[in-house]
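The values are calculated or read from the model by the stated rules, or taken from the named source; none is laboratory data. Note that this is a predicted model, so its numbers are computed, not measured. Backbone-built Cβ (ideal geometry, glycine too); neighbour counts: all protein chains shown. These accessible areas exclude ligands, DNA and RNA; they are computed on the full protein's heavy atoms, side chains included. Shrake-Rupley method; radii C 1.70, N 1.55, O 1.52, S 1.80 Å.
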Amino acid sequence: MPKVRGLRKRLDPARREAVRMLERIENDQAYVNRLTSAGLIDELEPEAGRRATEYVAGVTRWRRWLDFLLAQNYRGRYDSMEPRLRQILRLGLYELLFTDTPPYAALHEAVELARRLVRPQAGAVVNAVLRSLLRQRDFLPQPQTGDPAEDLAIRYSHPTWIVQRWLARYGPADTEALLRYNNERPWFGVRVRTDRIPRHVVLHRLADRGLEAEPSPVLNDFIRVQRLGPILEDRLIEKGLLAVQDESAGLVVRLLDPHPDETIVDACAAPGGKTTYIATRMRDHGRVLAFDVHPKRTELIRRAALQQGLTSIAAETLDLRQVPERYPDLQADRVLLDVPCSGLGVLAKRADLRWHRRPEELDELVRLQDELLEAAARLVRPGGILVYSTCTIEPEENEARVRAFLARHPEFTVERADAWVPAEMVTAEGFLATWPPRDRMDGAFAARLRRTA
């Protein structure tokens, strides 16, 4: 009788999907959040989908450090390795260094991925490299290039140009604290519709489900959660009682200080988190005109407003620079201008952004920010308020833009942020500026400007 061959064990779907997504990120310059929000892991079971997302975020965050270690232990030219094999090695090493997966299991799964997704002989390569690193796990080699910026950039897995900028501005200790923060598992902000449900009720509900959560120490209608997945699956979001939003974004709206029955413009509004918070703070009385240049993202504003039952929001697809011509009589009580920026304050949550940004982009962004400021200023009534905000910590996009604007527009003056946000987050010039390692939230900037004439 012929022998009956046993069925091969199915590859772990979470790791297999993680390899596929990592290839997309590196080869197609895809963004992690767009891949996950596009439903590319929806076909997985929830637990596998959660692990795949964690693998992708972790490998992307630590990619440069992983490559440094792998290159030290690979016999051959690491940069000439087959791309898929490199992704499998990164994933295997990430599991060995940063997860609770038993080493034998991480090794076995990585070898199987290589054998089945690359070629049978690739399994031996993965086994040799990862076992070598496993033996060194407590005494890993450290970068010693002779360049402090380069060494920090490798060790904390950031582009060298970013580390050079931060070292020049903050010095070694604060730069290392920021790099370390960017690589920690982030906490996420969640806004509670406290007009509909008390914050303590939400905290108790999450605790009953075994989810780690705590009240925000700076905003009485926000909480912080360690895992976002269960929040997204909770019906409280469907009912419009919760909204995922970083506390730094909430502080920007508090600085705007919207009031009922006002006309407020949210100038670059998508995806609508600040827009809906503005309308909520107005008790949904008044007008919130939300503009965004992208039709699909404008639709996100409408969906958010509908989900939260807010009728004061009117969203329109329109470039802010065209708004004064389209609506020549529009004079708003308050204008929020949350400009497109480098996003270098959100690298803890957007691990892939560090690899997409280029230093030359800053000049282009600065020009756009100035143009948007000019358009926004034309929409503010005399006596009204303009809040300029970013999610970056780079001075060219923050303080420098406000100073240049004030030099062109003496009819605007700075109002210090102390009256609306915690004093420790206010700079000497009176601007809101959050510092991620200290505040445990995204890095953000905002200036409150009053039109006096």
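Compute the relative contact order of the stretch 311-453 as a whole-number percentage, counting only Cα pairs closer than 8 Å that sit 6 or more residues apart in sequence.
28
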Using only the Cα atoms of the stretch 273-390, build the gyration tensor, take square roots of its eigenvalues as a ≥ b ≥ c, and label the shape rounded, prolate or oblate: rounded if a/c is under 1.5, else prolate if a/b is larger than b/c, else oblate. oblate
Contact order normalised by residue count of the chain, Cα under 8 Å, 6+ apart, percent: 11
Mind checking the full-extension length gain between residue 211 and residue 438? Use 0.36 nm per residue of separation minus the Cα-Cα distance, one decimal, nm. 79.3 nm
Correct choice for mean projected area of the Cα convex hull in nm² that was computed from the model, options [x] 25.5; [y] 29.0; [z] 34.6: [x]
Of every hundred units of 1.4 Å-probe accessible area on the stretch 191-239, the number belonging to carbon and sulfur atoms, as a percent, is 47
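Solvent-accessible area per residue for the chain at a 1.4 Å probe radius, Å²?
Details: 20880 Å² over 453 residues.
Accessible area per residue, the chain: 46 Å².
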Give me the net charge of residue 424's neighbourhood, meaning all other residues with Cβ under 13 Å from the Cβ of residue 424; Lys, Arg count +1, Asp, Glu -1. 0
Whole-Hz ³J(HN,Hα) for each residue in the stretch 198-212, computed from phi via Karplus 6.51 cos²θ - 1.76 cosθ + 1.60 with θ = phi - 60°, x for glycine and proline: what do you get? x, 4, 5, 5, 5, 4, 5, 5, 5, 4, 5, 8, x, 9, 7
Would you give the gap between the C-alpha center of the stretch 358-404 and the C-alpha center of the stretch 193-218, rounded to a whole Å? 35
What aspartates and glutamates does residue 296 reach when the alpha-carbon gap must be under 16 Å and sequence neighbours fewer than 8 apart in one chain are set aside? 316, 319
Please give the helix 103-117 orientation as an angle from the longest Cα principal axis of the chain, in degrees from 0 to 90, rounded to the nearest 10. 90
Loop-resident GluC sites (Glu not before Pro) in the stretch 39-127 with no more than 14 other Cβ atoms inside 10 Å, DSSP not H/G/I/E/B, are 43
Summing -39500 (n - 2.57) over every DSSP H run of at least 4 residues in the chain and dividing by its residue count gives a helix-only mean residue ellipticity at 222 nm, to the nearest 500 deg cm²/dmol, of -14500 deg cm²/dmol
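Kindly provide the trypsin sites (Lys or Arg not before Pro) of the stretch 46-85 that DSSP labels as loop, not H, G, I, E or B, and whose Cβ sees at most 12 other Cβ atoms within 10 Å.
Here the trypsin sites (Lys or Arg not before Pro) that fit, given the DSSP loop and packing criteria, are 75, 77.
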Residue list for the stretch 170-189, given a label point 7 angstrom along the Cα-to-Cβ vector of residue 396 and an amide N cut-off under 18 Å: 170
For the stretch 402-432, state which GluC sites (Glu not before Pro) are in a DSSP loop and have at most 15 other beta carbons lying within 10 Å of their beta carbon. 411, 429
Between beta-carbons, use under 10 Å as the cut-off and find the net charge around residue 182, counting Lys and Arg +1, Asp and Glu -1. +4
Would you work out if the stretch 187-245 is rounded, prolate or oblate? Take a ≥ b ≥ c from the square roots of the eigenvalues of the alpha-carbon gyration tensor; rounded if a/c is under 1.5, else prolate when a/b is larger than b/c, oblate otherwise. rounded
16 Å cut-off, amide nitrogen to a point 7 angstrom out along residue 261 Cα→Cβ, residues in the stretch 373-391: none
Take the solvent-accessible surface of the protein heavy atoms, probe 1.4 Å, and return the percent of it on the stretch 277-410 that carbon and sulfur atoms account for. 51
Can you give the angle from 0 to 90° between the axis of helix 13-28 and the longest principal axis of the chain, with both taken from C-alpha atoms, to the nearest 10? 60
Using the alpha-carbon atoms, what tilt in degrees (0 to 90, nearest 10) does helix 122-135 show relative to the longest principal axis of the chain? 80
To the nearest 0.05, the calculated FRET efficiency linking residue 378 and residue 244 through their beta-carbon distance, R0 being 41 Å, is 0.80
Would you mind telling me the share, in percent, of accessible area of the stretch 47-91 contributed by carbon and sulfur at probe 1.4 angstrom? 45
